[in-house]
Amino acid sequence: MPTDLPAGAAVLEARGVSLRYGGVQALRDVSFRVGAGEVLGVIGPNGAGKTSLFNVVSGFASGYQGEVALDGRSLRRVDPDVIVGLGMARTFQNIRLFSSLTVLETVIAAQHRRLRQGVLDTVLHTPRFRREEALAVRRARRVLEFVGLGDLDPDQLATQLPYGAQRRLELARALVTYPRVLLLDEPAAGMNPRESAALSELVTRIRRLGLAVLLVEHDMSVVMRCSDRVLVLNFGEVIAEGSPAAVQDDPQVVRAYLGDEVHVGG
């Protein structure tokens, strides 16, 4: 999953994004850039606009003002499935796995856009179909190994995995699409401290692949360990952006996010 963009180039960029739901201003003039091999953490209190921002970037929200671009290409009026084909993948705060699919089938199914086989190939089980299926299996096993699920029985149902393993399987499903941008929506939700620490290590390894990562997370230990920069939202507006160390000591962030007496890194 390498990138061929020049160092420092923005793989994902938002410029002046504003979004309104009826009388509610969900986002107001939000701008950011994420480069290859960089993790941008997005934090803020409940209702700050984090999910709205994710939905705009991934194509699940329309009617916004401003611009979102992937590798310089505008994503306005581009459907979510097309955005995936352009090189973006996301996970969701609530785990979304098909109860009828096994671990291996879950990761294979995510590759359908990449397989070079037609309907007739599938129906007739042509040599091309068999080659593509074998390639999909190899890719799936390789990605499962990367996320730490290589020792699992690939034929067990995905929904029978322990919670932390299901989270990793979601990551595998996203990574097997070979994205340039990975959106992680609360990947540590429901995890214990040991699982969160292991997840942080995995996100760091993902960044080393050259992906641009946008991370929304309430677990501050994960955000501070993984992020190169942190963007702070409050009431739909950016109130701070900078290194984790700078942001956690910003008085405005402390007041808006956790209250006057609490330190963000605590």
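Here, each number is a calculation from the coordinates, and none is a lab measurement. Remember, predicted model here, so these are calculated numbers, not experimental data. No Cβ is skipped: glycine too gets one built from the backbone with ideal geometry, and neighbour counts run over all protein chains shown.
Below, the figures for the structure above:
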{"read-out": "Relative contact order of the chain, defined on C-alpha pairs under 8 angstrom at six or more residues apart (%)", "value": "27"}
{"read-out": "DSSP beta bridge pairing in the chain, given as percent antiparallel to the nearest 5", "value": "55"}
{"read-out": "Residues with amide H under 5 Å from that of residue 229, placed H, sequence gap 5 or more", "value": "39, 41"}
{"read-out": "At q = 0.11, 0.12, 0.13 Å⁻¹, base-10 log of I(q)/I(0) for the chain (Debye sum, equal scatterers on each alpha carbon)", "value": "-0.63, -0.75, -0.87"}
{"read-out": "For the range 129-153 versus the range 34-83, the gap between their alpha-carbon centres in whole angstrom", "value": "29"}
{"read-out": "Neighbourhood net charge (10 Å Cβ-Cβ; Lys/Arg +1, Asp/Glu -1) for residue 11", "value": "-1"}
{"read-out": "Bridge type composition, the range 174-265 - antiparallel percent by DSSP, nearest 5", "value": "50"}
{"read-out": "Placed amide H near residue 92: partners under 5 Å, 5+ positions off or other chain", "value": "185"}
{"read-out": "Karplus-derived HN-Hα couplings along the range 72-79 (A = 6.51, B = -1.76, C = 1.60, θ = phi - 60°), whole Hz, x at Gly and Pro", "value": "x, 9, 4, 9, 5, 6, 9, 5"}
{"read-out": "Mean residue ellipticity (222 nm) of the chain, computed from DSSP H runs ≥ 4 via -39,500 (n - 2.57), nearest 500", "value": "-10000 deg cm²/dmol"}
{"read-out": "In sequence order, calculated HN-Hα J values of the range 23-36 (Karplus, 6.51, -1.76, 1.60; Hz; x Gly/Pro)", "value": "x, 9, 8, 6, 9, 9, 6, 8, 9, 6, 9, 10, x, 4"}
